[in-house]
Amino acid sequence: MTTIERAEVFVAGPGRNFVTLRITTSDGVTGLGDATLNGRELAVASYLRDHVVPLLIGRDPARIEDLWQYLYRGVYWRRGPVTMTAIAAVDTALWDIKGKVAGLPVHQLLGGRSRDGVTVYCHASGTDIPSLLDDVARFREAGYRAVRAQAAVPDVGGTYGVRKGTGIYEPANAALPEEQLWDTEAYLRFAPTYLTAVREEFGFDFHLLHDVHHRLTPIEAARFGKSVEDAQLFWMEDPTPAENQEAFRLIRQHTTTPIAVGEVLTSIWDVQHLITEQLIDYVRTTVVHAGGITHLRRIFDLAALYQVRTGSHGATDLSPITLAAAVQVDLTVPNFGIQEYMEHAEVTREVFPSGVTLSDGLLDVDDTPGLGVEYDEKAAARYPYDPKYLPVARRRDGSVHDW
Ligand code: CS2
Ligand code: MG
(Lines give C-alpha, C1' and ligand atoms only; values in the text may rest on other atoms or scores of the structure.)
(Ligands and ions follow the chains in the order given, each with its own letter.)
Protein backbone atom coordinates (compact mmCIF):
# COMPACT_ATOMS: atom_id res chain seq x y z
CA MET A 1 0.00 0.00 0.00
CA THR A 2 1.14 3.55 -0.73
CA THR A 3 1.63 5.50 2.48
CA ILE A 4 2.49 9.00 3.59
CA GLU A 5 6.24 8.87 4.09
CA ARG A 6 7.08 12.46 4.89
CA ALA A 7 5.35 15.72 5.73
CA GLU A 8 7.49 18.86 5.90
CA VAL A 9 6.50 22.33 7.07
CA PHE A 10 8.26 25.33 5.51
CA VAL A 11 8.08 28.85 6.87
CA ALA A 12 9.47 31.50 4.53
CA GLY A 13 9.00 35.16 3.69
CA PRO A 14 9.21 35.71 -0.08
CA GLY A 15 7.53 39.12 -0.18
CA ARG A 16 5.54 38.21 2.93
CA ASN A 17 5.38 35.25 5.29
CA PHE A 18 3.94 31.93 4.14
CA VAL A 19 3.62 28.52 5.79
CA THR A 20 3.66 25.59 3.39
CA LEU A 21 3.08 21.88 3.95
CA ARG A 22 4.58 19.33 1.57
CA ILE A 23 3.49 15.70 1.86
CA THR A 24 5.51 12.97 0.13
CA THR A 25 4.19 9.46 -0.44
CA SER A 26 6.13 6.19 -0.43
CA ASP A 27 5.80 6.31 -4.26
CA GLY A 28 7.59 9.65 -4.31
CA VAL A 29 4.50 11.73 -5.22
CA THR A 30 4.36 15.13 -3.51
CA GLY A 31 1.41 17.36 -2.63
CA LEU A 32 1.31 20.97 -1.41
CA GLY A 33 -0.94 22.72 1.07
CA ASP A 34 -1.02 26.36 2.19
CA ALA A 35 -1.05 26.82 6.00
CA THR A 36 -0.68 30.60 6.23
CA LEU A 37 -2.55 32.49 8.94
CA ASN A 38 -1.55 36.14 8.70
CA GLY A 39 0.22 37.33 11.86
CA ARG A 40 -0.07 33.90 13.54
CA GLU A 41 2.06 31.89 11.12
CA LEU A 42 4.17 30.04 13.68
CA ALA A 43 1.13 28.83 15.62
CA VAL A 44 -0.04 26.85 12.59
CA ALA A 45 3.50 25.70 11.79
CA SER A 46 3.82 24.29 15.30
CA TYR A 47 0.32 22.77 15.23
CA LEU A 48 1.32 20.92 12.07
CA ARG A 49 4.87 19.97 13.03
CA ASP A 50 4.20 19.02 16.63
CA HIS A 51 0.65 17.65 16.52
CA VAL A 52 -0.36 16.67 12.98
CA VAL A 53 2.69 15.43 11.06
CA PRO A 54 3.35 12.54 13.53
CA LEU A 55 -0.24 11.36 12.96
CA LEU A 56 0.09 11.34 9.17
CA ILE A 57 3.14 9.12 8.72
CA GLY A 58 2.26 5.64 7.47
CA ARG A 59 -1.35 6.51 6.56
CA ASP A 60 -3.03 6.01 3.17
CA PRO A 61 -2.89 9.36 1.29
CA ALA A 62 -5.85 8.34 -0.85
CA ARG A 63 -8.28 8.48 2.09
CA ILE A 64 -8.85 12.21 2.08
CA GLU A 65 -12.28 12.21 3.71
CA ASP A 66 -11.25 9.79 6.44
CA LEU A 67 -8.12 11.81 7.25
CA TRP A 68 -10.21 14.98 7.40
CA GLN A 69 -12.59 13.38 9.90
CA TYR A 70 -9.68 11.91 11.83
CA LEU A 71 -7.95 15.28 12.21
CA TYR A 72 -11.18 17.19 12.94
CA ARG A 73 -12.99 14.82 15.31
CA GLY A 74 -9.89 13.13 16.63
CA VAL A 75 -8.50 16.30 18.19
CA TYR A 76 -11.52 16.78 20.52
CA TRP A 77 -10.92 20.60 20.45
CA ARG A 78 -12.78 21.79 17.40
CA ARG A 79 -12.83 24.60 14.85
CA GLY A 80 -10.92 27.85 15.13
CA PRO A 81 -8.51 29.38 12.61
CA VAL A 82 -5.34 27.56 13.72
CA THR A 83 -6.91 24.10 13.68
CA MET A 84 -8.87 24.62 10.47
CA THR A 85 -5.87 26.10 8.63
CA ALA A 86 -3.73 23.12 9.64
CA ILE A 87 -6.41 20.65 8.51
CA ALA A 88 -6.80 22.64 5.30
CA ALA A 89 -3.10 22.29 4.50
CA VAL A 90 -3.25 18.49 4.85
CA ASP A 91 -6.48 18.25 2.85
CA THR A 92 -5.20 20.45 0.01
CA ALA A 93 -1.93 18.51 -0.23
CA LEU A 94 -3.85 15.21 -0.41
CA TRP A 95 -6.05 16.51 -3.27
CA ASP A 96 -2.87 17.59 -5.06
CA ILE A 97 -1.48 14.07 -4.64
CA LYS A 98 -4.73 12.43 -5.76
CA GLY A 99 -4.73 14.54 -8.92
CA LYS A 100 -1.12 13.69 -9.70
CA VAL A 101 -1.74 9.97 -9.14
CA ALA A 102 -4.83 10.08 -11.40
CA GLY A 103 -3.07 12.26 -13.99
CA LEU A 104 -5.93 14.79 -13.75
CA PRO A 105 -6.28 18.40 -12.60
CA VAL A 106 -8.19 18.67 -9.33
CA HIS A 107 -11.20 20.31 -11.01
CA GLN A 108 -11.71 17.10 -13.00
CA LEU A 109 -11.79 15.11 -9.76
CA LEU A 110 -14.42 17.54 -8.44
CA GLY A 111 -16.76 16.91 -11.35
CA GLY A 112 -15.26 19.00 -14.14
CA ARG A 113 -15.85 22.53 -15.32
CA SER A 114 -19.08 24.41 -14.77
CA ARG A 115 -17.62 27.49 -16.48
CA ASP A 116 -14.93 28.60 -18.91
CA GLY A 117 -13.04 30.74 -16.41
CA VAL A 118 -13.20 32.23 -12.93
CA THR A 119 -14.37 35.87 -12.75
CA VAL A 120 -12.19 37.80 -10.34
CA TYR A 121 -12.30 41.18 -8.69
CA CYS A 122 -9.18 43.27 -8.22
CA HIS A 123 -8.31 45.96 -5.68
CA ALA A 124 -8.40 49.60 -6.75
CA SER A 125 -7.51 52.17 -4.13
CA GLY A 126 -6.60 55.81 -3.77
CA THR A 127 -5.34 58.31 -1.24
CA ASP A 128 -8.15 60.57 -2.53
CA ILE A 129 -10.97 60.38 -5.08
CA PRO A 130 -8.95 61.38 -8.19
CA SER A 131 -6.24 58.80 -7.48
CA LEU A 132 -8.91 56.15 -6.86
CA LEU A 133 -10.50 56.96 -10.22
CA ASP A 134 -7.09 56.63 -11.92
CA ASP A 135 -6.63 53.25 -10.31
CA VAL A 136 -10.08 52.03 -11.38
CA ALA A 137 -9.28 53.18 -14.94
CA ARG A 138 -6.03 51.20 -14.86
CA PHE A 139 -7.79 47.98 -13.83
CA ARG A 140 -10.65 48.49 -16.30
CA GLU A 141 -8.09 48.90 -19.09
CA ALA A 142 -6.36 45.71 -17.92
CA GLY A 143 -9.62 43.86 -18.63
CA TYR A 144 -10.98 43.26 -15.13
CA ARG A 145 -14.75 42.76 -15.02
CA ALA A 146 -15.03 43.52 -11.32
CA VAL A 147 -13.24 46.10 -9.19
CA ARG A 148 -13.16 46.69 -5.43
CA ALA A 149 -12.85 50.38 -4.55
CA GLN A 150 -11.34 51.76 -1.32
CA ALA A 151 -10.17 55.32 -0.67
CA ALA A 152 -8.47 56.94 2.32
CA VAL A 153 -10.94 58.81 4.50
CA PRO A 154 -9.56 62.37 4.82
CA ASP A 155 -7.58 62.74 8.06
CA VAL A 156 -8.19 59.08 9.03
CA GLY A 157 -4.81 57.40 8.69
CA GLY A 158 -6.14 53.92 9.38
CA THR A 159 -8.50 53.48 6.45
CA TYR A 160 -8.47 49.83 5.42
CA GLY A 161 -7.42 48.84 1.91
CA VAL A 162 -5.43 51.82 0.67
CA ARG A 163 -2.14 51.01 -1.01
CA LYS A 164 0.91 53.11 -0.29
CA GLY A 165 2.55 54.06 -3.59
CA THR A 166 2.40 51.67 -6.51
CA GLY A 167 3.40 48.48 -4.68
CA ILE A 168 1.19 45.68 -3.36
CA TYR A 169 -1.18 46.40 -0.47
CA GLU A 170 0.25 44.50 2.48
CA PRO A 171 -1.46 45.50 5.73
CA ALA A 172 0.73 43.24 7.92
CA ASN A 173 3.48 45.82 7.95
CA ALA A 174 5.34 45.92 11.27
CA ALA A 175 7.22 43.73 13.76
CA LEU A 176 4.74 44.93 16.38
CA PRO A 177 1.19 45.99 15.47
CA GLU A 178 0.98 49.53 14.14
CA GLU A 179 -1.80 51.53 15.87
CA GLN A 180 -4.02 53.35 13.40
CA LEU A 181 -6.74 55.96 13.80
CA TRP A 182 -10.36 55.15 12.94
CA ASP A 183 -13.37 57.49 12.68
CA THR A 184 -16.70 55.87 11.80
CA GLU A 185 -18.64 59.09 11.19
CA ALA A 186 -16.02 60.43 8.80
CA TYR A 187 -16.07 57.11 6.89
CA LEU A 188 -19.87 57.05 6.68
CA ARG A 189 -19.86 60.55 5.22
CA PHE A 190 -17.02 59.95 2.77
CA ALA A 191 -17.24 56.38 1.40
CA PRO A 192 -20.59 56.79 -0.43
CA THR A 193 -19.22 59.84 -2.27
CA TYR A 194 -16.37 57.95 -3.92
CA LEU A 195 -18.46 54.91 -4.77
CA THR A 196 -20.89 57.28 -6.50
CA ALA A 197 -17.95 59.03 -8.21
CA VAL A 198 -16.73 55.69 -9.61
CA ARG A 199 -20.15 54.99 -11.14
CA GLU A 200 -20.42 58.54 -12.53
CA GLU A 201 -17.03 58.21 -14.19
CA PHE A 202 -17.18 54.63 -15.45
CA GLY A 203 -20.86 53.67 -15.58
CA PHE A 204 -22.43 50.38 -14.64
CA ASP A 205 -20.86 48.03 -17.13
CA PHE A 206 -18.71 46.23 -14.54
CA HIS A 207 -19.08 44.95 -10.99
CA LEU A 208 -18.19 47.37 -8.20
CA LEU A 209 -17.38 46.02 -4.72
CA HIS A 210 -16.45 47.56 -1.40
CA ASP A 211 -14.97 46.12 1.82
CA VAL A 212 -16.18 47.74 5.06
CA HIS A 213 -13.78 45.45 6.94
CA HIS A 214 -15.94 44.79 10.02
CA ARG A 215 -15.97 48.42 11.14
CA LEU A 216 -19.64 49.33 11.56
CA THR A 217 -22.35 48.51 14.04
CA PRO A 218 -25.47 46.84 12.58
CA ILE A 219 -27.48 50.06 12.36
CA GLU A 220 -24.52 51.97 10.88
CA ALA A 221 -24.12 49.19 8.32
CA ALA A 222 -27.82 49.44 7.46
CA ARG A 223 -27.41 53.18 6.93
CA PHE A 224 -24.31 52.63 4.80
CA GLY A 225 -26.02 49.97 2.65
CA LYS A 226 -28.97 52.29 2.03
CA SER A 227 -26.75 55.22 1.16
CA VAL A 228 -24.91 53.31 -1.60
CA GLU A 229 -27.91 51.63 -3.23
CA ASP A 230 -27.72 53.86 -6.31
CA ALA A 231 -24.13 52.74 -6.91
CA GLN A 232 -25.50 49.17 -7.28
CA LEU A 233 -22.65 47.41 -5.53
CA PHE A 234 -21.99 43.76 -6.31
CA TRP A 235 -21.52 43.52 -2.57
CA MET A 236 -20.60 45.33 0.61
CA GLU A 237 -18.20 43.09 2.47
CA ASP A 238 -18.03 42.47 6.21
CA PRO A 239 -20.25 45.44 7.08
CA THR A 240 -20.21 44.43 10.75
CA PRO A 241 -18.21 41.80 12.70
CA ALA A 242 -19.70 38.36 12.07
CA GLU A 243 -19.62 37.04 15.63
CA ASN A 244 -23.13 38.44 16.07
CA GLN A 245 -24.89 36.77 13.17
CA GLU A 246 -28.32 38.18 14.08
CA ALA A 247 -26.91 41.60 13.14
CA PHE A 248 -27.27 40.79 9.47
CA ARG A 249 -31.03 40.38 9.84
CA LEU A 250 -31.22 43.97 11.00
CA ILE A 251 -29.07 45.19 8.09
CA ARG A 252 -31.24 43.33 5.58
CA GLN A 253 -34.41 44.89 6.88
CA HIS A 254 -33.11 48.23 5.66
CA THR A 255 -31.17 47.72 2.46
CA THR A 256 -31.00 45.71 -0.76
CA THR A 257 -27.22 46.16 -1.06
CA PRO A 258 -25.93 42.57 -1.20
CA ILE A 259 -23.80 41.34 1.72
CA ALA A 260 -20.62 39.23 1.65
CA VAL A 261 -19.23 37.66 4.83
CA GLY A 262 -16.91 34.86 5.82
CA GLU A 263 -13.19 35.47 5.26
CA VAL A 264 -12.53 35.06 8.98
CA LEU A 265 -14.97 32.16 9.44
CA THR A 266 -13.51 28.69 9.43
CA SER A 267 -16.23 26.03 9.34
CA ILE A 268 -19.68 25.17 8.09
CA TRP A 269 -21.01 25.65 11.61
CA ASP A 270 -19.76 29.23 11.65
CA VAL A 271 -21.73 30.10 8.53
CA GLN A 272 -24.73 27.83 9.16
CA HIS A 273 -27.21 30.49 10.28
CA LEU A 274 -25.88 33.15 7.92
CA ILE A 275 -26.67 30.78 5.06
CA THR A 276 -29.78 28.91 6.17
CA GLU A 277 -31.51 32.08 7.33
CA GLN A 278 -30.48 33.86 4.15
CA LEU A 279 -28.75 36.66 6.02
CA ILE A 280 -25.98 37.00 3.41
CA ASP A 281 -25.67 36.80 -0.38
CA TYR A 282 -22.03 35.68 -0.74
CA VAL A 283 -20.00 33.39 1.49
CA ARG A 284 -16.29 34.28 1.60
CA THR A 285 -14.79 31.21 3.27
CA THR A 286 -11.59 29.94 1.63
CA VAL A 287 -9.71 26.71 1.06
CA VAL A 288 -6.90 27.69 3.44
CA HIS A 289 -8.85 28.90 6.46
CA ALA A 290 -11.96 26.72 6.23
CA GLY A 291 -10.64 23.18 6.33
CA GLY A 292 -9.45 22.69 2.76
CA ILE A 293 -11.17 21.66 -0.46
CA THR A 294 -13.20 18.93 1.24
CA HIS A 295 -14.81 21.22 3.78
CA LEU A 296 -15.17 24.26 1.53
CA ARG A 297 -17.22 22.22 -0.94
CA ARG A 298 -19.52 21.23 1.89
CA ILE A 299 -20.03 24.90 2.77
CA PHE A 300 -20.63 25.83 -0.86
CA ASP A 301 -23.16 23.02 -1.29
CA LEU A 302 -25.08 24.22 1.77
CA ALA A 303 -24.98 27.75 0.36
CA ALA A 304 -26.35 26.55 -2.99
CA LEU A 305 -29.54 25.34 -1.29
CA TYR A 306 -30.23 28.92 -0.17
CA GLN A 307 -29.13 30.77 -3.32
CA VAL A 308 -26.09 32.09 -1.52
CA ARG A 309 -23.17 32.33 -3.94
CA THR A 310 -19.44 31.96 -3.36
CA GLY A 311 -16.88 34.77 -3.19
CA SER A 312 -13.71 33.34 -1.72
CA HIS A 313 -11.16 35.47 0.05
CA GLY A 314 -8.02 35.89 -2.05
CA ALA A 315 -5.73 38.49 -0.52
CA THR A 316 -1.94 38.15 -0.89
CA ASP A 317 -1.63 36.58 2.55
CA LEU A 318 -3.16 33.46 1.00
CA SER A 319 -0.35 31.76 -0.90
CA PRO A 320 -0.36 30.85 -4.61
CA ILE A 321 -1.19 27.30 -3.47
CA THR A 322 -4.52 28.57 -2.13
CA LEU A 323 -5.08 30.57 -5.30
CA ALA A 324 -4.53 27.49 -7.47
CA ALA A 325 -6.81 25.41 -5.22
CA ALA A 326 -9.45 28.16 -5.29
CA VAL A 327 -9.47 28.23 -9.08
CA GLN A 328 -9.80 24.43 -9.21
CA VAL A 329 -12.85 24.63 -6.91
CA ASP A 330 -14.36 27.78 -8.45
CA LEU A 331 -14.32 26.22 -11.92
CA THR A 332 -16.66 23.50 -10.72
CA VAL A 333 -19.14 24.91 -8.18
CA PRO A 334 -22.60 25.64 -9.61
CA ASN A 335 -23.22 28.56 -7.24
CA PHE A 336 -19.94 30.36 -7.91
CA GLY A 337 -20.19 34.13 -7.51
CA ILE A 338 -16.77 35.74 -7.80
CA GLN A 339 -13.17 35.20 -6.67
CA GLU A 340 -10.98 37.82 -5.00
CA TYR A 341 -7.64 38.25 -6.74
CA MET A 342 -4.55 40.26 -5.83
CA GLU A 343 -1.45 39.56 -7.83
CA HIS A 344 1.38 38.23 -5.65
CA ALA A 345 4.79 39.91 -5.56
CA GLU A 346 7.36 38.71 -8.07
CA VAL A 347 9.47 37.08 -5.33
CA THR A 348 6.38 35.17 -4.15
CA ARG A 349 5.72 33.93 -7.66
CA GLU A 350 9.36 32.85 -7.96
CA VAL A 351 8.99 30.59 -4.89
CA PHE A 352 5.56 29.23 -5.95
CA PRO A 353 5.66 28.68 -9.73
CA SER A 354 2.00 28.34 -10.72
CA GLY A 355 -0.02 27.44 -13.79
CA VAL A 356 -2.84 29.87 -12.90
CA THR A 357 -3.37 32.35 -15.74
CA LEU A 358 -5.34 35.61 -15.98
CA SER A 359 -6.91 36.71 -19.20
CA ASP A 360 -9.79 39.09 -19.88
CA GLY A 361 -10.64 39.27 -16.17
CA LEU A 362 -10.87 35.47 -15.80
CA LEU A 363 -8.52 33.10 -14.00
CA ASP A 364 -7.93 29.64 -15.40
CA VAL A 365 -5.71 26.58 -15.09
CA ASP A 366 -4.61 24.04 -17.68
CA ASP A 367 -4.76 20.24 -17.43
CA THR A 368 -1.63 19.87 -15.29
CA PRO A 369 -2.37 17.02 -12.85
CA GLY A 370 -3.10 18.04 -9.26
CA LEU A 371 -3.28 21.71 -8.29
CA GLY A 372 -0.75 22.89 -10.86
CA VAL A 373 1.50 24.75 -8.44
CA GLU A 374 5.01 24.05 -7.14
CA TYR A 375 7.25 25.05 -4.26
CA ASP A 376 10.86 26.02 -4.92
CA GLU A 377 12.47 25.15 -1.63
CA LYS A 378 15.88 26.53 -2.62
CA ALA A 379 14.47 29.88 -3.67
CA ALA A 380 12.36 30.00 -0.48
CA ALA A 381 15.47 29.54 1.67
CA ARG A 382 16.68 32.94 0.47
CA TYR A 383 13.69 34.64 2.16
CA PRO A 384 13.65 33.95 5.91
CA TYR A 385 10.57 34.40 8.08
CA ASP A 386 10.23 38.00 9.22
CA PRO A 387 7.60 38.58 11.96
CA LYS A 388 4.85 40.94 10.77
CA TYR A 389 1.57 41.92 12.40
CA LEU A 390 -1.66 43.39 11.14
CA PRO A 391 -2.45 46.85 12.56
CA VAL A 392 -4.77 47.64 15.46
CA ALA A 393 -7.39 50.39 15.08
CA ARG A 394 -8.22 52.99 17.74
CA ARG A 395 -10.99 55.56 17.82
CA ARG A 396 -10.35 59.26 18.38
CA ASP A 397 -10.77 58.73 22.13
CA GLY A 398 -8.04 56.07 22.16
CA SER A 399 -10.27 53.01 22.55
CA VAL A 400 -9.76 49.88 20.47
CA HIS A 401 -11.95 49.39 17.38
CA ASP A 402 -12.29 46.43 15.02
CA TRP A 403 -9.51 46.61 12.44
C1 CS2 B 1 -9.32 41.43 3.27
C2 CS2 B 1 -7.94 41.15 3.60
O3 CS2 B 1 -8.98 40.80 1.09
C4 CS2 B 1 -9.80 41.16 1.91
O5 CS2 B 1 -10.97 41.32 1.69
O6 CS2 B 1 -10.26 41.80 4.16
O7 CS2 B 1 -7.13 42.15 3.06
C8 CS2 B 1 -7.62 40.95 5.07
O9 CS2 B 1 -7.51 42.18 5.72
C10 CS2 B 1 -6.34 40.19 5.19
O11 CS2 B 1 -6.44 39.02 4.46
C12 CS2 B 1 -6.01 39.92 6.64
O13 CS2 B 1 -5.04 38.96 6.74
MG1 MG C 1 -12.19 41.57 3.33
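The values are calculated or read from the model by the stated rules, or taken from the named source; none is laboratory data. None of these values were measured; they are calculated from a predicted model. All Cβ positions, glycine included, derive from the backbone under ideal geometry; neighbour counts span all protein chains shown. Areas reflect the complete protein model, heavy atoms only, side chains present, ligands, DNA and RNA absent. Shrake-Rupley method; radii C 1.70, N 1.55, O 1.52, S 1.80 Å.
Odds and ends about this structure:
- Net charge over other residues, Cβ less than 15 angstrom from the Cβ of Leu195 (K, R count +1; D, E count -1): -3
- Cβ-based net charge around Glu170, under 10 Å, with every Lys or Arg adding one and every Asp or Glu removing one: +3
- Helix-only CD estimate at 222 nm, as mean residue ellipticity for the chain, using -39500 (n - 2.57) per DSSP H run (n ≥ 4): -10500 deg cm²/dmol
- Distance between the modelled labels on Glu185 and Arg223, one decimal in nanometres: 1.0 nm (7 Å Cα→Cβ projection).
- Zone of Glu277's modelled label, taken as backbone nitrogen in segment 183-225 under 20 Å from a point 7 Å along Cα→Cβ: 214-223, 225
- Long-range amide H partners of Leu104 with built H, under 5 Å: Gly370
- Evaluated at q = 0.10, 0.14 Å⁻¹: base-10 log I(q)/I(0), Debye formula over Cα of the chain: -0.64, -1.28
- Convex hull per residue volume in Å³, alpha carbons only, for segment 4-105: 97
- Applying 1/(1 + (r/R0)^6) with r as the Cβ-Cβ distance of Ser46 and Thr2 and R0 = 22 angstrom yields a FRET efficiency of 0.20.
- Proximity of backbone amide H atoms, modeled 1.01 Å from N, is registered between Leu181 and Gly157, Gly158, Arg394 at under 5 Å, excluding neighbours fewer than 5 places apart on the same chain.
- Ranking Glu141, Glu374 from most to least accessible surface, computed with a 1.4 Å probe over the protein chains only, gives Glu141, Glu374.
- Flagged links, alpha-carbon separation over 27 Å, of Lys100/Lys388; Lys100/Lys378; Lys98/Lys388: Lys100/Lys388; Lys98/Lys388
- FRET E, pair Phe204, Arg298, Förster distance 30 Å, beta-carbon r, rounded to 0.05: 0.30
- Among beta bridges identified by DSSP and lying wholly in the chain, the antiparallel ones come to about 50 percent.
- Residue with peak Gaussian network fluctuation, the chain [Cα springs, cutoff 10 Å], from Ala381, Ala172, Ala303: Ala381
- Total formal charge among the other residues, if their Cβ is under 15 angstrom from that of Tyr47, Lys/Arg +1 and Asp/Glu -1: -1
- Spin-label model distance (nm) - Ser399 vs Thr193, 7 Å beyond Cα toward Cβ: 2.7
- Counting only protein chain heavy atoms and rolling a 1.4 Å probe, the accessible areas of Tyr70, Tyr341 rank, largest first, as Tyr70, Tyr341.
- Residues Leu250 and Arg63, FRET efficiency given R0 of 51 Å [Cβ-Cβ distance, rounded to 0.05]: 0.70
- Coupling constants for segment 121-129 follow from the phi torsions by the Karplus curve (6.51 cos²θ - 1.76 cosθ + 1.60, θ = phi - 60°), and in residue order they are 10, 10, 10, 9, 8, x, 7, 7, 5 Hz; glycine and proline get x.
- Of the residues Val162, Val261, ranked by 1.4 Å probe accessible area with the largest first, the sequence reads Val162, Val261.
- Accessible area expressed per residue, the chain, with surrounding protein chains retained (probe 1.4 Å, Å²): 40
- Simple spin-label estimate for Ser131 and Ala102 in nanometres, 7 Å along Cα-Cβ: 4.8
- For segment 217-222, the Karplus equation 6.51 cos²θ - 1.76 cosθ + 1.60, evaluated at θ = phi - 60°, returns couplings of 7, x, 6, 5, 5, 4 Hz by residue, with Gly and Pro reported as x.
- Choice from Asp301, Asp183, Asp27 with maximal GNM fluctuation in the chain (Cα, 10 Å cutoff): Asp27
- Ordering of 315-321, 9-15 by burial proxy (mean other Cβ atoms within 10 Å per residue, highest first): 315-321, 9-15
- In sequence order, calculated HN-Hα J values of segment 205-213 (Karplus, 6.51, -1.76, 1.60; Hz; x Gly/Pro): 7, 7, 7, 10, 10, 8, 10, 7, 6
- Candidates Asp60, Asp330, Asp96: whichever shows maximal mean-square fluctuation once the chain is modelled as a Gaussian network with Cα springs under 10 Å: Asp60
- Gyration tensor verdict on segment 348-403 (Cα atoms; rounded if a/c is under 1.5, prolate if a/b is larger than b/c, oblate otherwise): oblate
- For Asp211, residues with placed amide H under 5 Å, excluding near neighbours: Ala149, Glu237
- Label zone at Glu350 (point 7 Å along Cα-to-Cβ), backbone N below 13 Å, segment 11-32: 13-16
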